[in-house]
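Have a look at the structure below, then the notes.
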Amino acid sequence: RSNDFGPIGEEVRATREKVGVTEIANFAKYEVSGPGAEDFLNRLMTNRMPKTGRIVLTPMVNEFGKLIGDFTIAKSGEDRFMIWGSSAAQKYHMRWFEKHLPKDGSVRIHRFDQTLVGLSIAGPKSRDLLQKLVDVDVSTKAFRFMDFREMAVGGAPCMVNRITYTGDLGYEIWMAPAYQRLVYRAIKEAGEEFGLVDFGMRALLSMRLEKNFPTWFRELRPIYGPFEGSMDRFIKLEKNDFIGREASAKEHAEGPKLRRV
């Protein structure tokens with residue numbers, strides 16, 4: 001065993017039993033906006049786009065029905081969507097997005113890179129922790145799983161997703177870089193009474209494996225179809241004619257040759 005085994009295990013246990021915080025700026029972040037934004041995304045993605053204030057998870061496939069992306073998409077306002085995806089694939093994804101932009105200028109795409117950064121808090125005490133940092137109600141009914149909200153966290157303007165990659169109760173908190181240290185310090189201070197720990201990427205990857213959450217370039221790659229990747233519930237074949245729909249429908253009808261388990 002690596003000498004990292006013990007410390008990583010401690011981070012995982014503390015997060016699962018109490019609450020942990022980690023840095024998530026490495027995700028790719030985009031904003032798609034304009035009057036044609038929703039139609040554009042429905043054409044590219046296999047899942048339906050969410051209503052305002054809600055989030056969906058969705059694969060993206062090419063014309064051959066092979067996985068080329070996996071995204072979290074929030075509808076943040078009228079004709080405005082926030083998208084999070086793989087940092088390793090963001091240049092490829094931007095080329096794909098730009099290739100399929102409508103010619104009438106009805107859609108705009110902005111890639112944030114490091115002009116938008118984030119922190120994730122996860123674990124059974126994460127809601128109690130977040131509630132100490134905000135002036136709005138984040139109870140289960142007021143801030144549901146897969147909700148998106150803009151709110152001040154620790155006094156800083158943030159976007160908050162009610163979702164985590166650990167599979168626990170938790171939140172992704174996104175802010176401009178100038179506010180990240182302020183928010184982190186507020187989280188650390190408010191989290192003391194809950195036994196807050198910092199956890200790193202290896203702990204995060206361990207927790208996502210425990211929940212059988214796939215990750216890009218490992219379980220999800222362009223050699224697999226969406227049903228081979230066990231993404232069934234995110235593939236809406238009955239919606240509009242998205243790119244790769246015909247090939248995806250064929251895979252579904254014939255049954256996948258492989259299956260992620």
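Quick notes
- Contact map, region 215-226: first residue within 13 Å of Glu251 (Cβ to Cβ), second residue among the acidic types (Asp, Glu), Cβ cut-off under 8 Å, separation 6 or more or different chains; pairs are Gly225/Glu251; Pro226/Asp232; Pro226/Glu251.
- A single member of Ile55, Ile68, Ile73, Ile109 is in a strand (DSSP E or B), farther than 21 Å from Lys236 by Cβ, touching a strand residue (DSSP E or B) at 6+ places or on another chain (Cβ under 6 Å) and among the aliphatic types (A, V, I, L, M), and it is Ile109.
- For region 45-54, a residue qualifies if it is of a type in the set (A, V, I, L, M, F, W, C) and surrounded by fewer than 21 Cβ atoms within 10 Å (Cβ to Cβ), and exactly one does: Met49.
- For first residues located in region 239-253 and at negative phi, partners that are among the aromatic types (Phe, Trp, Tyr) and part of a loop (DSSP other than H, G, I, E, B) and lie 6+ apart or on another chain with Cβ distances below 9 Å form the pairs Ala247/Phe64; Ser248/Phe227; Ser248/Phe242; Glu251/Phe227; His252/Phe227.
- Looking across region 115-142 at every residue that is out of contact with any Pro (no Cβ under 7 Å at 6 or more places or on another chain) and part of a strand (DSSP E or B), the one that is surrounded by the fewest Cβ atoms within 10 Å (Cβ to Cβ) is identified as Leu119.
- If you go through region 76-105 and pick out every residue that is in a strand (DSSP E or B), touching a Phe, Trp or Tyr at 6+ places or on another chain (Cβ under 8 Å) and within 14 Å of Ser33 (Cα to Cα), you end up with 3.
- Filtered residues of region 13-28 (kept if of a type outside the set (Gly, Ala, Ser) and either assigned to a helix (DSSP H, G or I) or over 22 Å from Tyr179 (Cα atoms) (or both)): Arg13, Thr15, Arg16, Glu17, Lys18
- Residues (closer than 22 Å to Trp216 by Cα and crowded, with 18+ Cβ neighbours inside 10 Å) located in region 26-41: Phe27, Ala28, Lys29, Tyr30, Val32, Leu41
- Condition met for Val107 (more than 17 Å from the chain's Cα centre (by Cα), within 23 Å of Asp198 (Cβ to Cβ) and among the β-branched types (Val, Ile, Thr)): no
Computed from the coordinates by the stated procedures, all read-outs in this text should not be read as laboratory data. Only a predicted model underlies this, so the values are computations on that prediction, with no experimental measurement involved. All Cβ positions, glycine included, derive from the backbone under ideal geometry; neighbour counts span all protein chains shown.
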